[in-house]
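One structure is given below, encoded as structure tokens.
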Amino acid sequence: VSDTTGQRLLDAFDIFHQLFGKKTDDSLYHQDTELLSKKSLTMIPGFGYSQLRGISLILEGNFSFRISADSKVSVIRFVPQVTFKKYVIPRVTSSIWFNHNKLNLATDWRFYRFIAIDYGMGSQTEESLFNNYRQNYLKLHQTLSREIKPGLLIGAGYYLDKHYGINLIENKVITPENAYNILQKTVSSGLVANILFDSRKNENFPKGGENFINITFAQNLKSLKSTTNYEALTIDFRKFFRITQKDINVLCFRSLNWFTFNGTSPYFDLPYSQGDFLGTSSRPYIEGRFRGKNMVYLESEYRFTLTKNELLGAALFVNASSFSEQASNHFEKVNLGYGASGRMKINKKSNVYFIGSLGFGTAGGHGLFFSLGDVF
């Protein structure tokens, strides 16, 4: 247990108040004992940058709350975003805990009107060879899970991924359009079963000793208006270790595996880089830089504080990803990513951090990445 006796913790709001002579919140918050008893809304308006979308105007938000005193922190993240390239990208993701953690409702809703960059399939694609597809993308993923043992839940849901208005506007690489149904419209529509184990008390700031496992199986069916019949399996495992006496210095590991089988997925619904729930995997590669029928991904990150008041922190990360090749369907190459992050605590009540990451990697990977709340 970390000793914060006499140490008043600070966040960005405290600094703002100090600068403008306003009264600050001098409450002492402790990672192990502080309960989020009230709703907490964190919002950051401003500009963002993405290699894929360029400069954008964003309003990133995090709404954290507890439904009961003994429940885990529920989190709703929302990111309405408009880019200077006239892309429209609103997104809402959430994990809500009901009834003393007996029920969990997970949501991933988003709508993209943008240009998708396609480098082809596998891990051996060239950064300078790509296709551009103008398209609209509607994603509606919803699952409801019920506890069967303490911390262990099983559930069901429905996934819809609809790409429409697809138009090839730049062509530099040969893509198997016939095999993967790159049409003007494609739909993945399926029923979902999942197994969830989550010992994190607050997903905004996982602590040492906590774990997260989510296994999801989706059966996409033509009878549900899916373009093709196929199945998809994702396995997301995360483990957090406390390696110092302070529980806010954490060594994190993640394994994310995504497979498609028993049919052919529409092309843009194949596993791809940054295609996870929060879109934070595969730093430093842009969304869709790699794509394949199957994906394996490993990441490790060390998160630590820089100031005693916990206002500022940093992280070092390294990851490895591999996508199956089109011809052989084997994993033949591993691409590495590595970098560092700066972390500023924006809201000490809900332990929400603003994180900016600078990353580099093989296959030309490089870039800046921003998130409100932890990357995994």
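The values are calculated or read from the model by the stated rules, or taken from the named source; none is laboratory data. Just so we're clear, the structure is a prediction, and the values are computed from it rather than from any experiment. Every residue, glycine as well, gets a Cβ built from its backbone with ideal geometry; the counts of neighbours run over all protein chains shown. In case anyone asks, the SASA skips ligands and DNA or RNA and just uses the protein heavy atoms, side chains included. Shrake-Rupley method; radii C 1.70, N 1.55, O 1.52, S 1.80 Å.
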**Message:** At 1.4 Å probe size, with the rest of the protein present, what percent of the exposed accessible area of the chain is carbon and sulfur atoms?
**Reply:** 62 percent
**Request:** Please list K293, K149 in order of solvent-accessible area, largest first, computed with a 1.4 Å probe with all protein chains present.
**Result:** K149, K293
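Could you work out how much longer the chain between L59 and V92 gets when fully extended? Use 0.36 nm per residue separation minus the Cα distance between them, nm to one decimal.
On the way: separation 33, 0.36 × 33 = 11.88 nm, distance 1.20 nm.
Full-extension gain reported as 10.7 nm.
Could you state the accessible area per residue of the chain in Å², with a 1.4 Å probe and every protein chain left in place? Mind dumping the intermediate values first?
Values: 16730 Å² over 376 residues.
Value for the chain: 44 Å² per residue.
Please go through region 304-376 and write out the GluC sites (Glu not before Pro) that DSSP classes as loop and that have at most 14 other C-beta atoms within 10 Å. Display every interim value, and only then the final one.
Numbers: sites: E310, E325, E332; in loops: E310, E325, E332.
Answer in residue order: E332.
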**Backbone N within region 122-165 under 11 Å of label point (7 Å from A193 Cα along the Cβ vector)** = 155-156
**Prompt:** Once you charge only the Cβ atoms, +1 for Lys and Arg and -1 for Asp and Glu, what is the size of the charge dipole of region 212-332 about its Cα centre, to the nearest 20 debye?
**Reply:** 240 debye
**Complete:** So, over other residues within a Cβ distance under 10 Å of G313, counting Lys, Arg +1 and Asp, Glu -1, the net charge is +2
**Pair N211, N257: separation of 7 Å Cα→Cβ label points (nm)** = 1.6 nm
**Request:** Using a 1.4 Å probe and ignoring any ligands, DNA or RNA, find the accessible area of I96 and quote it in Å² to the nearest 10.
**Result:** 20 Å²
**Request:** State the answer as a single residue: which of F304, Y267, V352 lies farthest towards the positive end of the charge dipole of the chain, with beta carbon charges of +1 for Lys and Arg and -1 for Asp and Glu, about the Cα centre.
**Result:** V352
